[in-house]
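The values are calculated or read from the model by the stated rules, or taken from the named source; none is laboratory data. Everything quoted here is computed from the prediction, not taken from an experiment. Using ideal geometry, Cβ is built from the backbone for each residue, glycine included, and neighbour counts are taken over all protein chains shown. In case anyone asks, the SASA skips ligands and DNA or RNA and just uses the protein heavy atoms, side chains included. Shrake-Rupley method; radii C 1.70, N 1.55, O 1.52, S 1.80 Å.
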2 protein chains.
Amino acid sequence: MREYRAPLRDMQFVLHEVLHVEKELQQLPKHAETDADIINQVLEEGGKFAASVIAPLNYSGDREGCHFDPASHAVTTPQGFKAAYQQYIQAGWPALSCAQEYGGQDLPVVVNTLFYEMLNAANQAWTMYPGLSHGAYECLLAHGTEQQKNLYLPQLVSGAWTGTMCLTEAHCGTDLGLLRTKAIPQADESYKITGSKIFISAGEHDMAANIVHLVLARLPDAPAGSKGISLFLVPKFLPNSLSNTDASLGERNAISCGAIEEKMGIHGNATCQMHLDGATGWLIGEPHKGLNAMFVFMNAARLGVGMQSLGLTEVAYQNALHYAKERLQMRSLSGVKAPEQAADPIIVHPDVRRMLLTAKAYAEGGRAFAAYLALQIDKELHHPDAKVRQIAADQVALLTPIAKAFMTDNGWLATSDCMQVLGGHGYICESGMEQYVRDARINMIYEGTNGIQALDLLGRKVLQDQGAKLRQFGAQIQAFIEQHGLDESMDEFITPLADLAVKVNKLTMEIAMKAQQNPDEVGAAATAYLRVLGHLVYAYFFAQMAKVALVELEKQEHGDPFYRSKLSTARFYFARLLPETATLIRQARSGAANLMALDVELF
Amino acid sequence: MREYRAPLRDMQFVLHEVLHVEKELQQLPKHAETDADIINQVLEEGGKFAASVIAPLNYSGDREGCHFDPASHAVTTPQGFKAAYQQYIQAGWPALSCAQEYGGQDLPVVVNTLFYEMLNAANQAWTMYPGLSHGAYECLLAHGTEQQKNLYLPQLVSGAWTGTMCLTEAHCGTDLGLLRTKAIPQADESYKITGSKIFISAGEHDMAANIVHLVLARLPDAPAGSKGISLFLVPKFLPNSLSNTDASLGERNAISCGAIEEKMGIHGNATCQMHLDGATGWLIGEPHKGLNAMFVFMNAARLGVGMQSLGLTEVAYQNALHYAKERLQMRSLSGVKAPEQAADPIIVHPDVRRMLLTAKAYAEGGRAFAAYLALQIDKELHHPDAKVRQIAADQVALLTPIAKAFMTDNGWLATSDCMQVLGGHGYICESGMEQYVRDARINMIYEGTNGIQALDLLGRKVLQDQGAKLRQFGAQIQAFIEQHGLDESMDEFITPLADLAVKVNKLTMEIAMKAQQNPDEVGAAATAYLRVLGHLVYAYFFAQMAKVALVELEKQEHGDPFYRSKLSTARFYFARLLPETATLIRQARSGAANLMALDVELF
């Protein structure tokens, strides 16, 4: 138990048989040389690292947690975390999808994304340390000055230093316009920054020599609200010289950890209260445009959070499956299956299978979707044709909130179902199952709550451009439907997919019209709407996967069991999970009145 | 935060305005004197005890947990637990619904049930100690010898001793037929019992002088499987004499705690591994009929588990509501609501209201349902007319698995939604919210997993008598529908209720037919089917509550705000929660093939 094996076969299936990444990457000059062999090899090695180095630290890290010393303000990570991080950077893993000019390996985002699925499956709390560094890398790469990039990026790419994102304050999380941390300009173009931040993941730790904090703060002349927020680079240790690139560490900056939080899960990751007391920082990007710069970080982070829950779904599934095959309890209702034993393994029971298949389907659907989305990011970044880049960018914008919210909601459902497979044993810490559930719970909250994702999707990504992005993605689904519409073997998938696509269009138009009368209609429909779109996306990918499986099974007399499994999982998805849309559409259509009618004091 | 106020107004509404308990109890000779005043007074005092004595220990108890000393095998409960228990027994609370002849107060089960809602809302882990004792009381009352009852019941009724239920062994939980603990008859009519039990809640602790264990074990001549299990009474300390009733404690029995479990939640309750090493015990009831005797305990316990989640739903709702009114974040999409403040309170946002109303509706629907079910138990026990007793017994049999599984699944959804209202703050232990979620999770597992409840409902309670019990309850719903079918103001409730009732009949018949061909169809449909029935029941009670509210609001020009709130909540339930049945019915109808097709090795 508490074991993890990287799902390499399924990753290869998604990448090569469904998405044809090699062909797609050939169109991108930057990645034209990245062939299937390289990708498979990287994932195989990554899977080994995840399974052998950090997976064994997941349970112990949860039990031990992080330690905070109030005297020195130091945070110590759980036993083994630091050593594993050393192995990680010695093997060059942080550089995987970073730019070559800063020491990176220039591999595509799609590879890094699946690599992170494995890291998260093995140990989400540990993975947050390098994960946040990679986010800081992307933000600096996009918005830093040449000097900042030359100084800091090589350190983040090598993993010698880690990064954070310091947004939240005690009184503001979602509503960053309220933030109060102040930045006072100095004569030398630096700033003195003062304020307090909370919920800073990896804000302080013992794993790396330096920490590069990206801090949101207000300049003295800042307009009120979210249009007056600037982004600053605030290193834990100041560099000795801004012009050199040797990165030797100078004096300790006036940013320190005041406490770490006791949380429901991710105990191995230090969630820090950070105090800035005239800390020295440098502006990243333009004044008052800090939120825009931060959104580069946030978008990548949102897919990253989806991958956290995908990883947890996969590892929870593997462990529940192991238990369900071994645990003997009751006889199958349709006749004894294991007469040589005192009872049948519980995997004979339909309801146990329902729970296992829920996790299996959400893992496999999520993997195909996430890999597709990551590939669009690669296209957005590197396709030579601006039009293709724009289409990819639109898809990334549309699909990112779905990746964050749908995948994390499903992760919560799936890990809880997997825990249920173990009965009382799943509630005991030692099984490891309840940790997956607790860890999965934060993913619905941070990097923008799932409610905020839903508003972002419906309000900003769908309604703001009169559904243009959605229509573009819908046209792609429509093309698939038409391509396979006369294929009888695909009928069981194409019919419900086409039906849902029609319903999504109607629903979108209906909400758009209602929202013109009352903007609260957007908030009232958004959460259900996002899940409807999530299912549209998963149905589309399961239909594609089913098609590949059907073709392969036709080729071979007995058929590779992998494809039979895939086909069964797709059928399960269409029969048992997709029908959630029947409820969701009713909820989304039910309007704002049933939510808004009650006076506040009557709650 | 972390506060609790007993929902007395809503309890009174349910008891007096919806269920008319006074009139109902007058028909029961035993409770004919129990009037509304007595009931209200008891609940008010009970609410005070819950809120002031045990609620303050909930968070600290979770953080501290129980302590086990391997040298002495002793368990120490968290600070304050023992003193609170002393207050509890000094006030006579354990005796509330116990028989007068053993020192009880003879109050109806319906009162005790709502009392337990409050205890659980305040502190589920603490409440499990007296809760299990009450279960042991009921089991002994029904199956004990006169001697056993005279000796043990007064101690359980006073609370001087507590009780447990020792069923599970490491290799068997659901499938008790596999259990191995042995009982060897002795010359003096006692038994020497040897074996190991796990997951024994309150199996060892420091709160009471003695613990009365009810232990399942096998006699030497026992048939294999579940028909060879007997029930034994195994006190921690042996009584000095079996014939006396002074209950002075003799020697320590050979039953001891080997370890306590580290769990996801209910940390304040000791979950013990119990070792019996030739422990002295006495048979309860007939040989080999232990499971039947235990089921008295289990049925009451199953409603009790439902009440645990109802309590957690209510307290999570109260705390999320408090936060939603205070926390300022963003502006309402439909215009600024609190211009004097930097942002609007988050309760202006539709999606926050959706989460709050989900918890509110599940709390109020669950309360009405649970009180009704408890009243049927009172009727089953004490109605002078055998026919009425039988009808009540049938309803209790039918509705108990729904109370256990539907209420605990809803409690999980609702506490998680309430935690989400707090965003990142909800994930921090200090908020108290994440504890409600962790505590609520066990309720879906113990006393028979929710999957087992679903099988019990569909297989045993519905299909086994060809739907007779369901038809009887359905007729009651039908009568209500006909009574209000022409009432226009009730149309919004009656129409969907009637629609669902028709669908339930069709669904039941369809499953019954399919099950004749393939018994796995029962297991494949059961979990969704149980939730469909749960919604039928809640829709029925919300329609009744709406009717009362409509009548009251018609009487008064402006109307008591309580009734306006109730009406809004009912509308929310019908608009947003009941539509889950659209999905559930599709899932229940989708059949066994999508679950059973996949070979075990292809998972």
Worksheet entry | Residue among A:Val348, A:Ala361, A:Ser332 farthest towards the positive dipole end of the range A:306-399, charges placed on Cβ | A:Ser332
Worksheet item: From the label point of B:Glu488, set 7 Å along Cα to the beta carbon, how far off in nm is each other copy's matching point, shortest first?
Response: 5.5
Practice prompt. Could you name the aspartates and glutamates whose alpha carbon sits less than 17 Å from that of B:Lys325, not counting residues in the same chain fewer than 8 places away?
Written response: A:Asp175, A:Asp599, A:Glu601, B:Glu3, B:Glu314, B:Glu340, B:Asp344, B:Asp351, B:Asp417
Discussion item. Let me cross-check A:Met509: its accessible surface, 1.4 Å probe, with only protein heavy atoms counted, in Å² to the nearest 10?
Written reply: 120 Å²
Worksheet item: With r defined as the distance between the Cβ atoms of B:Lys23 and B:Glu44 and R0 fixed at 25 Å, what FRET efficiency is calculated, to the nearest 0.05?
Response: 0.75
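Ranked by accessible surface with a 1.4 Å probe, highest first, in what order do B:Ser52, A:Ser489, B:Ser133 come?
Numbers: B:Ser52 80, A:Ser489 50, B:Ser133 5 Å².
Correct descending sequence by accessible area is B:Ser52, A:Ser489, B:Ser133.
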Worksheet entry | Occluded residues from the range B:427-473, i.e. those whose accessible area drops by 40 Å² or more once the chain is not alone (1.4 Å probe) | B:Tyr427, B:Ile428, B:Arg441, B:Ile445
Practice prompt. Measure nothing but the geometry: give the 0 to 90° angle between the long axis through the Cα atoms of B:468-484 and the longest principal axis through the Cα atoms of chain B, rounded to 10°.
Written response: 30 degrees
Response to the item:
If one compares the long axis through the Cα atoms of helix A:386-421 with the longest principal axis of the Cα atoms of chain A, the angle in degrees, nearest 10, works out at 70 degrees
Worksheet item: Which residues of the range B:255-273 bury at least 50 Å² of accessible area once all protein chains are present, versus their chain alone (1.4 Å probe)?
Response: B:Glu262, B:Met264
Worksheet item: Dipole magnitude of the range B:193-319 about its Cα centre, charges +1 at Lys/Arg Cβ and -1 at Asp/Glu Cβ only, in debye to the nearest 20?
Response: 340 debye
Worksheet, complete the sentence: Nearest 10, in degrees from 0 to 90: the angle of helix A:350-382 to the longest Cα principal axis of chain A is 50 degrees
Worksheet entry | Cross-link reach list, lysines versus B:Lys30, counting only Cα pairs under 17 Å and skipping chain neighbours closer than eight places | B:Lys379
Worksheet entry | Lys/Arg +1, Asp/Glu -1 at C-beta; chain B dipole; positive extreme among B:His484, B:Leu216, B:Gly423 | B:Gly423
Discussion item. List, shortest first and in nm to one decimal, how far the label point of A:Ala254 (7 Å from Cα along Cα→Cβ) is from its counterparts in the other copies.
Written reply: 7.2
Worksheet item: Using a probe of 1.4 angstrom, how much of the accessible area of the range A:463-504 is carbon and sulfur, in percent?
Response: 54 percent
Item to complete: Taking the Cα centre of the range B:1-148 as origin, sum charge times position over the Cβ atoms of Lys and Arg (+1) and Asp and Glu (-1), and report the length of that vector in debye to the nearest 20.
Response: 480 debye
Worksheet, complete the sentence: Rounded to the nearest 10 Å², the accessible area of A:Ile38 using a 1.4 Å probe with every protein chain kept is 70 Å²
Practice prompt. Scan chain A and report its longest stretch carrying no GluC sites (Glu not before Pro) that are both in a DSSP loop and have at most 11 other Cβ atoms within 10 Å.
Written response: A:341-556
Worksheet item: For the protein assembly as shown, what is the calculated [θ] at 222 nm in deg cm²/dmol (nearest 500), taking -39500 (n - 2.57) for each run of four or more DSSP H residues and dividing by its residue count?
Response: -18000 deg cm²/dmol
Worksheet item: Ignoring ligands, DNA and RNA, what accessible area per residue does the range A:304-445 give at 1.4 Å, in Å²?
Response: 24 Å²
Fill in: Amide H contacts under 5 Å for A:Gly278, placed H, 5+ residues apart
A:Ile193, A:Thr194, A:Gly195
Worksheet item: So how much accessible surface do B and A hide from each other in total, probe 1.4 Å, in square angstrom to the nearest 100?
Response: 7900 Å²
Item to complete: Determine the dipole magnitude for the protein assembly as shown: charges of +1 sit on the beta-carbon of Lys and Arg, -1 on that of Asp and Glu, nothing else is charged, the reference point is the Cα centre, and the result goes in debye to the nearest 20.
Response: 740 debye
Item to complete: Write down the accessible area per residue of the range B:203-248 in Å², having rolled a 1.4 Å probe over the full set of protein chains.
Response: 32 Å²
Discussion item. Going 7 Å from Cα along the Cα-Cβ axis for the label, what nanometre distances separate B:Asp599 from the same residue across the other copies?
Written reply: 6.7
